[in-house]
Amino acid sequence: MAESHTVSGHAYSPAMDGSTHEQTYRGFVRFVEIGTGVVICWVLALAVGGIREAWMLAILGVVVSGAAGAVGALAPAVGWRAPLVVAILLALYLAFA
């Protein structure tokens, strides 16, 4: 986000709450990161089902990636790393099974 305190003559007006804007931006970025990770898991799950004919594992991958996304959203310290673990496991299965 742009640094508003470094531009001379331009700052948040008193009617705008700068910290709330920053917090909303950070939340949006975290949501996009987690959502992207979950969608990558879905694509990998579809590849596992389509290429390896392991549709039950693909369904399990979709369900677990949704749960991992929820964990990442509720625990900011975990964030996008939760869906990443599921994506790595699905990619390993796709590569080596």
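The table that follows gives values for the structure above.
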read-out	value
Test: residue 27 is assigned to a helix (DSSP H, G or I), open to solvent by less than 80 Å² (accessible area, probe 1.4 Å) and touching a residue at least 24 places away in the same chain (Cβ under 8 Å)	no
Single residue of the stretch 85-97 satisfying the filter (in contact with a helix residue (DSSP H, G or I) (Cβ under 8 Å, 6 or more places away or on another chain) and among the small types (Gly, Ala, Ser)) that is most open to solvent (accessible area, probe 1.4 Å)	97
Pick from the stretch 64-80, criterion assigned to a helix (DSSP H, G or I) and touching a helix residue (DSSP H, G or I) at 6+ places or on another chain (Cβ under 7 Å), ranking: nearest to residue 28 (Cα to Cα)	73
Every residue from the stretch 53-66 that is surrounded by 14 or more Cβ atoms within 10 Å (Cβ to Cβ) and within 18 Å of the chain's Cα centre (by Cα)	61, 62, 64, 65, 66
Some residue of the stretch 56-63 being β-branched (Val, Ile, Thr) and within 22 Å of residue 31 (Cα to Cα)	yes
Residues satisfying the stated conditions in the stretch 34-52, i.e. loosely packed, with under 15 Cβ neighbours inside 10 Å and under 13 Å from residue 84 (Cβ atoms)	36, 39
Subset of the stretch 67-84 that is farther than 22 Å from residue 94 by Cβ and of a type in the set (A, V, I, L, M) - its residue that is least open to solvent (accessible area, probe 1.4 Å)	75
Inter-residue pairs, beta-carbon under 6 Å, first within 16 Å of residue 46 (Cβ to Cβ) and in the stretch 81-92, second open to solvent by 80 Å² or more (accessible area, probe 1.4 Å), 6+ apart	87/40
The lone exception for residue 8 - which of (1) polar (S, T, N, Q); (2) assigned to a helix (DSSP H, G or I); (3) modelled with pLDDT under 95 it fails	(2)
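The values are calculated or read from the model by the stated rules, or taken from the named source; none is laboratory data. What you see is a predicted model; the values in this text were computed from it and never measured. Glycine gets a Cβ as well: all are built from the backbone with ideal geometry, and neighbour counts include every protein chain shown. Keep in mind that these areas ignore ligands, DNA and RNA; they rest on the heavy atoms of the full protein, side chains included. Shrake-Rupley method; radii C 1.70, N 1.55, O 1.52, S 1.80 Å.
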